[in-house]
Amino acid sequence: MSTLLPILPPSDVLDENKDVLTPEAQAAEEEKNRMRRYFQKPEEQLTPVATQEPVCLYLETTNRCNLLCVTCPRTYEQLEPEADMPWEMFTSLIDQYPNIARVVLHGIGEPMLVKDIAERVKYLKDRNIYVLFNTNGTLLNDKNGRALIEAGLDELRVSLDAAESEVYQMVRGKDFFDKIVENVKNFTRLQREMNAPKPRVSLWLTGLRETVDQLPNFVRLSHEVGVTEVYLQRLVFFDEGSNGLARAESALFEHTTAAEEAMIAEAERVAAELGVMFSASGAVDPGESIRMQATDSPWSLCRRPWSLMYITANGRVLPCCIAPFSMKGYGSFTLGDATQHSLRDIWNGSEYQRFRDGLLSSAPPPACANCGLRWSL
Ligand SMILES: C[S@@+](CC[C@H](N)C(=O)[O-])C[C@H]1O[C@@H](n2cnc3c(N)ncnc32)[C@H](O)[C@@H]1O
Ligand code: SF4
Ligand code: SF4
């Protein structure tokens, strides 16, 4: 049963002479795209010792969560002791790379559970850093939303995964669909009232065979709540001992049926009609993202260990935010302890070098062999 709302024009980003982005929205869009290009590193830099510093930090501001998504490893095992990243650790990590270009404030957990998340955004924006995070949207109320706008957040990605309540509950484990839709609608209205083009808000759906038919209505819903960007996120799953729907049978990866492809094409058609940007993370178009590229060593395309660091709420350094979804436990891809060593020492320490070396070889680290092409930007 669909619970679609009346149509609202996404007037927050459209100019009066329609279909043209306002100068502020255009600038925000260009900045977002510039940030993505940071990940395209020249081939000659692909050595075990990184010749450049990271351009992006993923800081897991918390590993706590209030949902039980059946695609998320957090629902099935405790990966680390429950914690919010202490403010002192947060600032000390940033202060080690004060010129970092981009910081992502989520890991495995819900960042809006962190009481001072807006202060953290402000700390980064005062240093001219591009800031974004994914949220499940459950806590995006007027007060929190206003604080994030005022702090200068650049991007807010809302993981909704469904266009209707029952399907939402099946994937996300709890009955919050109507609340989140209302939250997002109120948030984009608040942005219009405050004349605030930032953060750029997008809705995300993790691609599952079970929910691909949601896509056309997902795009419509996005338009109705005033969000002009929709992303189909590639499912990452464990090869062995899968959890919930994080499993090969549920992935829209490589083996889509004609009916599933038709759903994606229909969503693209609806998006074009409504002026919604619909894309798949890390790929040219949503259809392209679910087709395997021809290579025997897909991991060799990954540039993450040369461009970013991921630090958990407890200070553990990981190569990326994808590995926790492709390999159980953190042991085989822990690259350092930021409570004991500086980020610079870890960045070119022996563990990082060994990891990069593996990624460049035909015998990659286990997390990467399992991850393959399932990663995205
Ligand atoms: C782990 S969550 C953390 C942020 C926040 N709690 C949220 O749900 O947006 C980050 C992103 O991973 C997505 N995700 C969850 N399980 C996934 C999977 N197996 N493969 C790919 N993405 C997944 C979520 O929907 C979300 O967009
Ligand atoms: S995907 Fe996000 S909201 Fe869902 S359980 Fe994982 S961390 Fe929580
Ligand atoms: S797990 Fe995937 S995204 Fe992470 S470093 Fe390995 S290949 Fe890259």
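The values are calculated or read from the model by the stated rules, or taken from the named source; none is laboratory data. What you are looking at is a predicted structure, and each value in this text was computed from that prediction instead of being measured. Don't worry about glycine lacking a Cβ; one is built from the backbone with ideal geometry, like all the others, and counts go over all protein chains shown.
Answer yes if at least one residue in region 204-217 is more than 16 Å from ligand 2 (Cβ to nearest atom), on the phi > 0 side of the Ramachandran plot and either surrounded by fewer than 22 Cβ atoms within 10 Å (Cβ to Cβ) or of a type in the set (Lys, Arg) (or both), and no otherwise. Checking region 204-217: not a single residue is more than 16 Å from ligand 2 (Cβ to nearest atom), on the phi > 0 side of the Ramachandran plot and either surrounded by fewer than 22 Cβ atoms within 10 Å (Cβ to Cβ) or of a type in the set (Lys, Arg) (or both). Take region 347-367 and flag every residue that is within 11 Å of TRP299 (Cβ to Cβ) and either part of a loop (DSSP other than H, G, I, E, B) or within 16 Å of ligand 2 (Cβ to nearest atom) (or both). Selection gives LEU360, SER361, SER362, ALA363, PRO364, PRO365. The requirement of being over 29 Å from GLN96 (Cβ atoms) and part of a helix (DSSP H, G or I) is fulfilled somewhere in region 205-213, by at least one residue. Residues considered: ARG172, ARG200. Of these, the only one that is surrounded by fewer than 23 Cβ atoms within 10 Å (Cβ to Cβ) and in contact (Cβ under 8 Å) with a residue 60 or more places away in the chain is ARG200.
The set of residues from region 163-196 being more than 24 Å from GLY152 (Cα to Cα) and of a type in the set (Phe, Trp, Tyr) comprises TYR168, PHE176, PHE177. One residue stands out in region 326-354 among those that are touching a residue at least 40 places away in the same chain (Cβ under 8 Å) and touching a Phe, Trp or Tyr at 6+ places or on another chain (Cβ under 7 Å): the one that is nearest to ligand 3 (Cβ to nearest atom), namely SER326. Among the residues making up region 156-186, those that are within 16 Å of ligand 2 (Cβ to nearest atom) and either touching a Cys at 6+ places or on another chain (Cβ under 7 Å) or acidic (Asp, Glu) (or both) are ASP161, VAL171, ARG172, GLY173, ASP175.
Counting residues in region 334-356 that are touching a helix residue (DSSP H, G or I) at 6+ places or on another chain (Cβ under 8 Å), of a type outside the set (Lys, Arg), more than 20 Å from MET85 (Cβ to Cβ) and within 16 Å of ligand 1 (Cβ to nearest atom) gives zero. Remark: pairs (first residue in region 219-234, within 13 Å of LEU160 (Cβ to Cβ) and among the basic types (Lys, Arg); second residue in a loop (DSSP other than H, G, I, E, B) and away from ligand 2 (no atom under 16 Å from the Cβ); Cβ separation under 8 Å; 6+ apart in sequence or on different chains) = ARG220/LEU4; ARG220/ALA163. The conditions of being within 16 Å of ligand 2 (Cβ to nearest atom), in contact with a Pro (Cβ under 7 Å, 6 or more places away or on another chain) and either at pLDDT below 90 or outside any loop (DSSP other than H, G, I, E, B) (or both) are met by PHE325. Applying the criterion of being among the small types (Gly, Ala, Ser) and within 15 Å of ligand 1 (Cβ to nearest atom) to the residues of region 91-143, the residue that is nearest to GLY315 (Cα to Cα) is GLY107.
How many of the residues in region 73-90 are surrounded by 20 or more Cβ atoms within 10 Å (Cβ to Cβ), more than 15 Å from ligand 1 (Cβ to nearest atom) and touching a residue at least 60 places away in the same chain (Cβ under 8 Å)? Residues in region 73-90 being surrounded by 20 or more Cβ atoms within 10 Å (Cβ to Cβ), more than 15 Å from ligand 1 (Cβ to nearest atom) and touching a residue at least 60 places away in the same chain (Cβ under 8 Å): 0 in total. Quick check: anything in region 50-63 in contact with a Ser or Thr (Cβ under 8 Å, 6 or more places away or on another chain), modelled with pLDDT of 95 or more and in a helix (DSSP H, G or I)? Scanning region 50-63 turns up no residue that is in contact with a Ser or Thr (Cβ under 8 Å, 6 or more places away or on another chain), modelled with pLDDT of 95 or more and in a helix (DSSP H, G or I). State whether one or more residues within region 131-138 are modelled with pLDDT of 95 or more, outside any loop (DSSP other than H, G, I, E, B), surrounded by fewer than 18 Cβ atoms within 10 Å (Cβ to Cβ) and of a type outside the set (Ser, Thr, Tyr). Scanning region 131-138, I find no residue that is modelled with pLDDT of 95 or more, outside any loop (DSSP other than H, G, I, E, B), surrounded by fewer than 18 Cβ atoms within 10 Å (Cβ to Cβ) and of a type outside the set (Ser, Thr, Tyr), so the answer is no. Scan region 215-248 for residues that are modelled with pLDDT under 85 and out of contact with any Phe, Trp or Tyr (no Cβ under 9 Å at 6 or more places or on another chain) and the total you get is 4. Scanning region 59-72 for residues that are more than 6 Å from ligand 2 (Cβ to nearest atom) and crowded, with 22+ Cβ neighbours inside 10 Å yields LEU59, GLU60, THR61, THR62, ASN63, THR71.
Considering region 152-169 alone, what residues qualify as being part of a helix (DSSP H, G or I), in contact (Cβ under 8 Å) with a residue 40 or more places away in the chain and surrounded by fewer than 20 Cβ atoms within 10 Å (Cβ to Cβ)? Result: SER165, GLU166.
If you filter region 102-119 down to residues that are within 23 Å of ILE322 (Cα to Cα) and more than 16 Å from ligand 2 (Cβ to nearest atom), you find that the one that is surrounded by the most Cβ atoms within 10 Å (Cβ to Cβ) is VAL103. The residues on offer are ASN99, ASN128, and the sole one that is on the phi > 0 side of the Ramachandran plot, part of a loop (DSSP other than H, G, I, E, B), away from ligand 2 (no atom under 16 Å from the Cβ) and of a type outside the set (Gly, Ala, Ser) is ASN128.
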